[in-house]
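Engineer: This structure is in structure tokens; I'll ask about it shortly.
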Amino acid sequence: MSTHPAITIDDRILAEELRFVERNLRSQELYERATRVMPGGVTSSWSSTRPIPVWISHGEGAHVWDVDGNEYVDVHAGYGVNVVGHANPAVVEAVQRRVSRGTHFAQPVEDAIVVAEALAERFGLPQWRFENSGTESTMDAIHLMRAITGRDLIIKIEGTYHGHHDLVNVSLWRSIDDLGPVDDPRRVPGPGIPQVIADLVRIVPFNDLAAVERVFEQHPGQIAGMIIEPMMMNAGIIPPKPGYLEGLRELTRRHGALLTFDEVKTGLVVAWGGATQLFGVTPDIVCLAKALGGGVPCGAIGGSNEVMSAITDGRYDQVGTFNGNPLTMAAARAVLTEVLTPESYVRAEQLGHEMFAGCTEALGERGLASYGVVHGFKGSVVLHDQPATNYREFLAIDTAVSHLNYLIQHNNGVFLAPWAKSESWTLSVAHTSADGERLVENMGRLARMLDQTAGEVSELFEVGGVT
């Protein structure tokens, strides 16, 4: 970066945040009103980001509009949910048809069979049950692993999030100084979760087979299973190293443990059959949610005949009043059989590569290094010279620059997910090259701004921090 003594990175951030607020005065008004009746003034803490949360009016196709009338290319996609686009005609028609015939029975409907058959074809696992969120899906997966093996300990990856239930709400969103030794990370539970729960979890870095083998050797006959995102998705996007997933498959089998892929973010998004198809490794259990419902709350777990027999014979009761809800099943059927065709993934990935190439070119023209990943509807561009291979490496990447990118994108008509350092973009079947060009243009704005900024150290964002 060239030096410019008058303007620092924090000056840039504060100026863009001021512009952000000035463009969102109605959001500011609703936020202040909401604080009187909703903690933090939002419906979920993940909507709460600086400078203020944005209140949405409506969406259509690849675009959303906020309550101030500002229009955006939406690559937030509700944290990766809306790969079908907003108000997709097939999903709208399916839900409208279903809602007039009854919305809840706590009994199965025929659509559930069609959805399960489609998922079995895509993921290569024959048996499926339904949930209402990703949190429920991963919770049932961990219950199943323990019920089947009769063991207590679970292995998870450092820094990954698998939902807000107690079982694996350990070792996530922690700054680099709080992680502990790399070969024995601190097992710190999330707020409200007893330490005794965290003590049933063992933490390993992503892409480190030796660490997983070491845990198995330290706890022979005690590990029920391992849960992992086959691509780490809350650290930009970190793909598995060649042979890593295959190695996990072999290790878990050798030690009599089960392997669960948390595909809540990757499933139906990075490929037609998720990361399971993309990398050619089939786990014992797959967890789905987000994109499956086309915007309606959803979740699913798929498993081998052996695993799912534990539900059939009553060793484990997988239950939920809203499991297989008719509205969800109608939407999911449309998503799987009408919208997310194999061709849709090809088109999305082509656009993603166009966007990635444009962004890296814009950054490179100003001497700024970057890396990224594109698979299906997902993509990321991270401003750093070395691709991160695990959570600790990712934490060292500049949070201030990521936040500045979020602000510039937003102020110029592209809606990224809040916490822009951790999140990637999500496209939909409705996105066009013109939509991608808007994001690339904004990346050029960021590059020019950074090129005229003094210094790289922020006082607003700590080095090695999460946000």
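Engineer: Could you rank Trp46, Trp65 by how accessible they are, 1.4 Å probe, largest area first?
Structural biologist: Trp46, Trp65
Engineer: Just add up the charged neighbours of Ile408: K/R +1, D/E -1, any other residue whose Cβ is under 12 Å from the Cβ of Ile408. Let's see the in-between values first.
Structural biologist: Working: positive: Arg12, Arg19, Arg438, Arg445, Arg448; negative: Glu16, Glu17, Glu441.
Within the 12 Å Cβ shell, the charges total +2.
Engineer: Helix-derived [θ] at 222 nm for the chain: sum -39500 (n - 2.57) over DSSP H runs of at least 4, divide by residue count, nearest 500? Kindly include the intermediate steps, with their values, before the conclusion.
Structural biologist: On the way: 16 runs with 178 residues, N = 467.
The helix contribution divided over the chain gives -11500 deg cm²/dmol.
Engineer: Also, I was wondering about something else. Suppose the chain between Gln350 and Asp184 were pulled fully straight at 0.36 nm per residue; how much longer would it get relative to their current alpha carbon spacing?
Structural biologist: Answer, rounded to one decimal: 55.6 nm.
Engineer: Name the residue from Leu407, Pro326, Ala362 whose Cα lies farthest towards the positive end of the charge dipole of region 322-467, charges +1 on Cβ of Lys and Arg and -1 on Cβ of Asp and Glu.
Structural biologist: In region 322-467, that residue is Pro326.
Engineer: Go through 226-238, 179-191 and give me the packing order, highest mean Cβ count within 10 Å leading.
Structural biologist: Result, highest mean first: 226-238, 179-191.
Engineer: Region 286-349: which trypsin sites (Lys or Arg not before Pro) are DSSP loop and have at most 13 other beta-carbon atoms within 10 angstrom?
Structural biologist: Answer by residue number: Arg315.
Engineer: Net charge within 12 Å of Met139 by Cβ-Cβ distance, Lys/Arg positive one each and Asp/Glu negative one each, not counting Met139 itself?
Structural biologist: Net charge around Met139: -4.
Engineer: Within the chain, what percent of beta bridges assigned by DSSP are antiparallel, to the nearest 5?
Structural biologist: The antiparallel proportion sits near 60 percent.
Engineer: Can you tell me the 0 to 90 degree angle between the C-alpha axis of helix 25-34 and the longest principal axis of the chain, rounded to 10?
Structural biologist: 50 degrees
Engineer: Once the Cα atoms of helix 9-23 and of the chain are each reduced to a long axis, what angle between those two axes, in degrees from 0 to 90 to the nearest 10, is obtained?
Structural biologist: 80 degrees
Engineer: Loop-only GluC sites (Glu not before Pro) in region 313-387, please: DSSP not H, G, I, E or B, and at most 16 other Cβ atoms within 10 Å.
Structural biologist: Passing both the DSSP loop test and the Cβ count: Glu365.
Engineer: While we're on this one: Rounded if a/c is under 1.5, else prolate if a/b beats b/c, else oblate: with a ≥ b ≥ c from the C-alpha gyration tensor eigenvalues square-rooted, which is region 205-320?
Structural biologist: Numbers: a/c = 2.05, a/b = 1.12, b/c = 1.83.
The shape class here is oblate.
Engineer: Relative to the longest principal axis of the C-alpha atoms of the chain, give the angle of the C-alpha long axis of helix 110-123, reported between 0 and 90° and rounded to the nearest 10°.
Structural biologist: Once rounded, the angle reads 80 degrees.
Engineer: Oh, and also: Give me the net charge of Gly190's neighbourhood, meaning all other residues with Cβ under 12 Å from the Cβ of Gly190; Lys, Arg count +1, Asp, Glu -1. Mind dumping the intermediate values first?
Structural biologist: Numbers: positive: Arg174, Arg187; negative: Asp166.
Local net charge: +1.
Engineer: Here are some values of Rg and Dmax of the Cα atoms in Å: [x] 22.1, 71; [y] 44.7, 160; [z] 22.7, 66. Which one was computed from this structure?
Structural biologist: Label [x] holds the value from this structure.
Engineer: Now a separate question. Order of 271-284, 130-143 by packing, highest average Cβ count within 10 Å first?
Structural biologist: Working: 271-284: 21.4, 130-143: 24.8.
For the peptides 271-284, 130-143, the packing ranking is 130-143, 271-284.
The values are calculated or read from the model by the stated rules, or taken from the named source; none is laboratory data. Just so it is clear, the model here is predicted, and its values are computed rather than measured. In this analysis, Cβ positions are derived from the backbone assuming ideal geometry, glycine residues included, and neighbour counts consider all displayed protein chains. Ligands, DNA and RNA are stripped out before the accessible areas are found, and what is left, the full protein with its side chains, is counted by its heavy atoms. Shrake-Rupley method; radii C 1.70, N 1.55, O 1.52, S 1.80 Å.
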